[in-house]
1. Restricting attention to the stretch A:1-33, which residues are part of a helix (DSSP H, G or I) and among the basic types (Lys, Arg)?
2. Filter the strands (runs of 3 or more DSSP E) completely within the stretch A:34-140 down to those with at least 2 residues that are surrounded by 23 or more Cβ atoms within 10 Å (Cβ to Cβ).
3. Are there any pairs with C-beta distances below 7 angstrom linking a residue in the stretch A:170-193 that is among the small types (Gly, Ala, Ser) to a residue that is surrounded by fewer than 16 Cβ atoms within 10 Å (Cβ to Cβ) and part of a loop (DSSP other than H, G, I, E, B), with the two at least 6 apart or on different chains, and if so which?
4. Can you pull out the residues in the stretch A:323-355 that are within 7 Å of another protein chain (Cβ to nearest Cβ) and assigned to a helix (DSSP H, G or I)?
5. Take the residues in the stretch A:164-174 that are in contact with a Leu (Cβ under 6 Å, 6 or more places away or on another chain) and closer than 11 Å to A:Phe138 by Cβ, then tell me which one is surrounded by the most Cβ atoms within 10 Å (Cβ to Cβ).
6. Across the stretch B:385-414, which residue is nearest to B:Thr435 (Cα to Cα) among those that are of a type outside the set (Ser, Thr, Tyr) and out of contact with any strand residue (DSSP E or B) (no Cβ under 8 Å at 6 or more places or on another chain)?
7. Within the stretch B:281-302, is there a residue that is small (Gly, Ala, Ser), under 16 Å from B:Leu402 (Cα atoms) and surrounded by 19 or more Cβ atoms within 10 Å (Cβ to Cβ)?
8. More than 21 Å from A:Ala118 (Cα to Cα) and at pLDDT 95 or above: is that true of B:Gly210 in this structure?
Amino acid sequence: MHVARMDAALQELRHRVMDADAAGTPLRLRGAGTKDFYGEHCEGALLDMRAYHGVVDYEPSELVITARCGTPLSQVERLLAQHQQFLAFEPPAFGGDPTIGGVIAAGLSGPRRFQAGAARDFVLGAVLLNARGELLHFGGKVIKNVAGFDLARLLCGSLGILGAITEVSIKVLPLPRTEQTLGLEIAAPEALSLFNRWGGQPLPISATAWNAGQAWVRLSGAPSAVRAARTRLGGEVLDDTGAVALWRSLRDQTHPFFRQPGALWRLSVPSSAAPLATSASQLIEWGGALRWCAGDMPADATRDLARSAGGSALHWRGGANGSRFDTLAPAVLEIHRRLKSRFDPRGIFNPGRLVAGL
Amino acid sequence: MSVSDFDVDESRFSVVDAAPAPERRPAVAAALRALLPADCVLSRDEELRPYECDGLSVFRQQPMLVVLPRTEAELRAVLRECNRLQVPVVARGAGTGLSGGAMPHAAGVLLSLARFNRILDIDPLARTARVQPGVRNLAVSEAAAAYGLYYAPDPSSQIACSIGGNVAENSGGVHCLKYGLTLHNVLGLRGCTIDGEAIELGGGALDAPGLDLLALSIGSEGLLLIVTEVLLKLVPKPALAQVVMASFDDVGNAGEAVAAIIAAGIIPSGLEMMDRKATVAVEPFVKAGYDLNAAAILLAESDGTPEEVAEEVAAIERVLQAHGATAIAVSASEAERLRFWSGRKNAFPAAGRISPDYYCMDGTIPRNRLGHMLKAIEQMEQKYGLGCMNVFHAGDGNLHPLILFDANTAGEWERADRFGADILELCVQLGGTITGEHGVGVEKLNSMCVQFSAAERAAFFAVKRAFDPPGLLNPGKAIPTLARCAEYGRMHVRHGQLPHPELPRF
C-alpha cells in the first residue's frame, strides 16, 4: 500500500473509518442516497462515499470496467455506450443518479436479470475498506478467478455491513444489436404459464412483465433472431420510444404501478410458482420470479404467502414501520453474526441495515 | 503497511501438517461404525489407497479413514462425531480435481460423497434440476435432454466429475464465456456445517434475504460446508451450433484476433486457442483435421437460432480474416463440429501420450496479454529445459499450459513446479489470477502469497472461522498461513498495479 501516493479522498475515508472504529461510533455509508428507502432502519454518522470517484480502467475488449465507489452510474453507462457496451443487469437508478458503489452494495438488478443475471453475477472484483482502515482486494478484473473465497460477490448486496466498498470491477457486455417489445393482452395465470414455457425454449427473450391484464416481452439479439421470435410469439409490436420508456419505468420504478400510495411488497418466488392468492394489485417481472404487491397487506400473511410459494417477501417501502426483510434461519443467522463480528468487531458499519442487530 | 490478523489463530487452520495418528484409527473407526453400517467405513490400508490422491497425483496422502455415508442423516452424524473427536474432514466427489483439493488429511476422515448420486427432481417448467452432489456433471444434461434443456457448465472432465466437486471449485468449461461458471448456474445449495447443522442457501427464488452466502460457498473448496443437495439452473438447448476453425502463422496475431472478436461485440459460446505443440500432440490421436503448419489455431463456436448463427459466423470470419488468419474452416455438420472440438477436449490425454508426465497450469490473464504470455512461456521453456504445450480458454483469458516432464528423471518435477510458479506469478503481474477454474487446493498455496496480502488472507481465515469455528473442514487447503508465506519468501504483487494507479488509463 503506497500510502504517500494514495488519493486524498480515499485517505479521508480511511481516517473517518479508523476514527469511528477507535471511538466505536457507527457510520451510515451513503452514495447519492437513491436507495435511502431500502433495507432496515439504520442510525449512524453519515459517511458520504461520493468524493472518491472516477473510472480507473476500461478496456472494451476485456469486457470489464473498474471504477471508484463514488463514480455516478450515468458516467459509467455513458462511457460504456460509447463503445456499444452496457451493464447487462440494468441497475435501477430510481429516478436519480446512484453511485456505482451503491449499485453494488445494494446488489439490485433490473428487468434483464431474468435473462442476463443479477448484479452479483457481473461483479468480478471489489476493494473493501475494513474497520481497521485496510484496503483489501478481492477477485480481480478477469472473468474466471477462483483464487480465495469469493468475497467480492459476498459484498454485493451486503448493504455495507462488512465495510465500505471503495472500488469495483464489473463485467460488461456488448449492447444487443436490436431490441423489440411485444405487448399481449392476457390475464396473470396465462402470462405466468407463457413466460415459463417460453423460458424453456431457445428464444431471445431478455425481459418480461405483466400488470393489469397486459403482458410485455422484450426480444434482444441478432435482427434475424428477433424477427423470427416476433413472428412466433405474436402480439402487438411497441414503437421503439415507447418500449424504451416502458422498460426504463419498470427498472426505475417510475411506472404508475410503483407510485400507488401505501405499502409495496416485493415477493421473490420461483418463476413457476402458482399465481399468488392475494387480492393485492400485482406487477410481475423476471418471467414470474418477481411479484410486486401493492397495498397495505398484513406483514405476517404476506411473508407466509411468499414462503409457501417457495420464496421470501421484502417490505420494499411505504406502509407501517417494521422489519423489511424476512428473518434468517437460526444456523444461517449465526454465520452472519460471526462474519459481522470478524469483519466489523465494533459494529461501526451500517448497523442493522441488512439484518436487524448486525 | 499495516497487517491485520483479524485476531485469527491461523495455526488452528493448518493442522494439515500435524503428525499422522495411526493409533487413533481404531477408536475413531469404532466411533463411526457405531453410527453407520460396516461397509460405510473403510480402515484397511488396501481400502484406503485408492483415495490417496485426486486428479493431481503428485500430491499423495493416505487418509486415516474413508467414510461413505448414504444419507444426509448419516452424513450429519459423521460430522457431529468428527467435531466431537476433533478429527479433520476432507470431502471428495469424483476425485478428478486438478489442484489437490481432495488430497486426504493424514489424521483425518476422507468423506466420499460417491453415494449421493441421485438426480432428485427435474422441473421442466421451472427449468431446474435438484441433484445430490455425487451426480456426474454430464448425467444432468443427459437427464434434461428429454425436455430440450441442459446444464451449461461443461468442464473437460464432465463425463466423470461430480456436481459437488464443480460447486467446490466453481468449475468452468469451454462454454462459460457465454453461459457462465458454476456460480452462475447454481440457484441453491443445501449443506451441513461441521457441527452437523443443515443449512439452505439460495433456492428456487432468485433473491434471498441476508448476505449472499450462496456465492461465498461456491468455489470454497470444501472449507466451509459439505454440500448435500444442489439446485441447478437448466437452459434451453440452442437450435444450432457451428464452429469456425482458423489458422494463424503467429501466436501474437491469434491473440489479437481473440480480443478483436470480443471488441466487435461478439460473445462466442466458446473461444479456444491451441498452439502448434498442442495440435501436433493431439492430431495423430484424434484426427481432428488441424492445420499442423499453423503456429496456433482458434476455435470459435456460435450457437442460437439458424439465422443468428449464420450472421454470427459471418461476422467471426470477417474479424479473423482482418487479423491475418491463414486458413478458415466452418463446421458443416454436427459430426464435424464435434471433431473440431475433439482435439481440444483431448488435449490433456494427448499430453500424457507424448510425455511421461505433464503439469497443467490454470492461470487467467486479460485476453489482450495472451501474446505476451506465450512469448514469456517460450523463454521459460529455455530457462527450465522443459517443453510446454498451450491450450487456452482464450475467450476468457484462462490458460492451461501443460508443462511436460518426467517424474522419474531426478530434478524434473522440481523444475516443472518452479516453471509453473513462474507462469502464475506472471499472471498476477499481468493483472490476472493464479487459478481460473481448478482451485488452489494444496498446489497453489505458495502462489496465493503472491496474489494476496496478509490482511486479505486474514479476511479469508475470518470467513473460514465464521462457517467452521474448529477449523476441521479441509484444513490446510486453499489459504496459506502467514508462516507459510514467510517461508516461501516471494513478494506479494499488487494485482497488476502500475506505478501510478491514480492516473486514468483507457
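1. Of everything in the stretch A:1-33, those that are part of a helix (DSSP H, G or I) and among the basic types (Lys, Arg) turn out to be A:Arg5, A:Arg14, A:Arg16.
2. Filter on the stretch A:34-140 gives A:64-68, A:123-129, A:135-139.
3. Going by the 7 Å Cβ cut-off, the qualifying pairs are A:Gly183/A:Gly235; A:Ala187/A:Gly213.
4. A:Ala331, A:Val332, A:Ile335, A:His336, A:Arg338, A:Leu339, A:Arg342, A:Phe343
5. Ranking the qualifying residues of the stretch A:164-174, first place goes to A:Ile165.
6. B:Glu414
7. Within the stretch B:281-302, one or more residues are small (Gly, Ala, Ser), under 16 Å from B:Leu402 (Cα atoms) and surrounded by 19 or more Cβ atoms within 10 Å (Cβ to Cβ).
8. For B:Gly210, the condition - more than 21 Å from A:Ala118 (Cα to Cα) and at pLDDT 95 or above - is not met.
The values are calculated or read from the model by the stated rules, or taken from the named source; none is laboratory data. Owing to the predicted nature of the structure, the values given are computational and were not obtained by experimental measurement. Reconstructed Cβ throughout: ideal geometry from the backbone, glycine too, with neighbour counts over all protein chains shown.
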